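Contents: one structure, followed by commentary.
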Amino acid sequence: MMEIIRIGTRGSALALQQAEIFRSAFTVFVPDTRTEIVKIKTSGDIRAQEPLDLIGGKGVFVREIEKRLIDGQIDIAVHSLKDMQALLPEGLVIAAYLERNDPRDMLFSAGHQTIYTLDAGAMVGTSSLRRKCQLKQIRPDLEICDIRGNVQTRLDKIGNGVDATILAAAGIKRLGLVSGSPIDVHPMVPSPGQGTIAIQTRAADHGLNDMLAGLDHLETRICSETERTFLATLGEDCTFPVGAYARMVKGRISLHAMMGTLDCSVVRSMHMIGDTTDIGRDLAERLSREVS
């Protein structure tokens, strides 16, 4: 084992909190291990004011961290699973999935409204095309505008340009911030992997990976890999808004997914139950035929 295990992460408050959640669990599991948190600035952080789809889409918050991992500058990478691309760079693996937190999206507004009680014409800020398309299905009378930034930056925009914004519930809970109004996963299907912390390593680091296996949450792994199979089937260059949420029901995998066109004029959702992660592929193929 290495003398100090270097844990790479983004430098945002949420990313650092997630790294500390992992480090705390890891050092309890392996108490004699020394660790160091290494903050890494990603292109998604550097170009924080630009739309995600114009600067690289999914992966802009992980690529620089993965490069440090491949180059041996860090030993472990801690990611929000929803930020990761469906196909990993050669030589890297997800050694552990920590138990999933709340997968839902959450609405925040000055008056603590729900998605259904916002005034007609209210301005909702989000940079997520997935959220935009589903918002237009739920409340076509709302206005939607782009906003980016970390969690606190987006919360600060409420009453200062927007009436409401939507954030991932898991991030809010991990930061210990005031709760908003959760949106059920059926009208607002989450991003694949939302709510899950992924621990990424080099495949060749067998000793480290064996240690991390003790932190792997099996149900979260099965559901996460079903969602990632869905995403991988659509292809790395898929720019359509998509969502996928899997859960275990009586020993079987229940997968709910959505897909829309870029202009949100067509949005379809489907549900499937199966026994293997292959249902992610099957559901992606069905939705693609519906939307294309």
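The values are calculated or read from the model by the stated rules, or taken from the named source; none is laboratory data. Note that the coordinates shown come from a computational prediction; the quantities given were computed from them, not determined experimentally. Using ideal geometry, Cβ is built from the backbone for each residue, glycine included, and neighbour counts are taken over all protein chains shown. For accessibility, only protein heavy atoms count, side chains too; no ligands or nucleic acids. Shrake-Rupley method; radii C 1.70, N 1.55, O 1.52, S 1.80 Å.
For the stretch 239-251, the criterion of a residue being in contact with a Cys (Cβ under 8 Å, 6 or more places away or on another chain) and not in a strand (DSSP E or B) is satisfied by at least one position. Within the stretch 126-138, residues that are free of Cβ contacts under 8 Å to residues at least 40 places away in the same chain have Cβ atoms under 9 Å from residues that are among the small types (Gly, Ala, Ser) and open to solvent by 40 Å² or more (accessible area, probe 1.4 Å) in no pair, counting only partners at least 6 apart in sequence or on another chain.
When you scan the stretch 79-92, do you find a residue that is farther than 25 Å from Leu234 by Cβ, buried (at least 20 other Cβ atoms within 10 Å of the Cβ) and either modelled with pLDDT of 95 or more or in contact with a strand residue (DSSP E or B) (Cβ under 6 Å, 6 or more places away or on another chain) (or both), even just one? No; the residues of the stretch 79-92 include none that is farther than 25 Å from Leu234 by Cβ, buried (at least 20 other Cβ atoms within 10 Å of the Cβ) and either modelled with pLDDT of 95 or more or in contact with a strand residue (DSSP E or B) (Cβ under 6 Å, 6 or more places away or on another chain) (or both). In the stretch 188-195, is there at least one residue being over 15 Å from the mean Cα position of the chain (by Cα) and either of a type outside the set (Asp, Glu) or within 30 Å of Ile5 (Cα to Cα) (or both)? Within the stretch 188-195, none of the residues are over 15 Å from the mean Cα position of the chain (by Cα) and either of a type outside the set (Asp, Glu) or within 30 Å of Ile5 (Cα to Cα) (or both).
Say whether the condition of being over 25 Å from Ala257 (Cβ atoms) and either open to solvent by 20 Å² or more (accessible area, probe 1.4 Å) or among the aromatic types (Phe, Trp, Tyr) (or both) is met by at least one residue in the stretch 181-192. Checked the stretch 181-192: no residue is over 25 Å from Ala257 (Cβ atoms) and either open to solvent by 20 Å² or more (accessible area, probe 1.4 Å) or among the aromatic types (Phe, Trp, Tyr) (or both). Just checking, does the stretch 34-51 include any residue being at pLDDT below 95, outside any helix (DSSP H, G or I), closer than 18 Å to Pro192 by Cβ and open to solvent by 30 Å² or more (accessible area, probe 1.4 Å)? Taking every residue of the stretch 34-51 in turn, none turns out to be at pLDDT below 95, outside any helix (DSSP H, G or I), closer than 18 Å to Pro192 by Cβ and open to solvent by 30 Å² or more (accessible area, probe 1.4 Å).
For the stretch 252-292, residues that are outside any helix (DSSP H, G or I) and at negative phi total 27. Within the bounds of the stretch 115-134, is there any residue that is open to solvent by 50 Å² or more (accessible area, probe 1.4 Å), in contact with a Leu (Cβ under 9 Å, 6 or more places away or on another chain), on the phi < 0 side of the Ramachandran plot and among the small types (Gly, Ala, Ser)? So far as the stretch 115-134 goes, yes, one or more of its residues are open to solvent by 50 Å² or more (accessible area, probe 1.4 Å), in contact with a Leu (Cβ under 9 Å, 6 or more places away or on another chain), on the phi < 0 side of the Ramachandran plot and among the small types (Gly, Ala, Ser).
Residues considered: Ala232, Ala213. Of these, the only one that is in contact (Cβ under 8 Å) with a residue 60 or more places away in the chain, assigned to a helix (DSSP H, G or I) and under 15 Å from Tyr97 (Cβ atoms) is Ala213.
Residues in the stretch 1-35 that are free of Cβ contacts under 8 Å to residues at least 40 places away in the same chain and within 24 Å of Lys173 (Cα to Cα): Gly11, Leu16, Glu20, Arg23, Ser24, Thr27, Val28.
Mind checking which residues of the stretch 263-280 are open to solvent by 50 Å² or more (accessible area, probe 1.4 Å), under 12 Å from Pro241 (Cβ atoms) and touching a strand residue (DSSP E or B) at 6+ places or on another chain (Cβ under 9 Å)? If the condition is that a residue be open to solvent by 50 Å² or more (accessible area, probe 1.4 Å), under 12 Å from Pro241 (Cβ atoms) and touching a strand residue (DSSP E or B) at 6+ places or on another chain (Cβ under 9 Å), then Arg268, Ser269 are the ones that fit.
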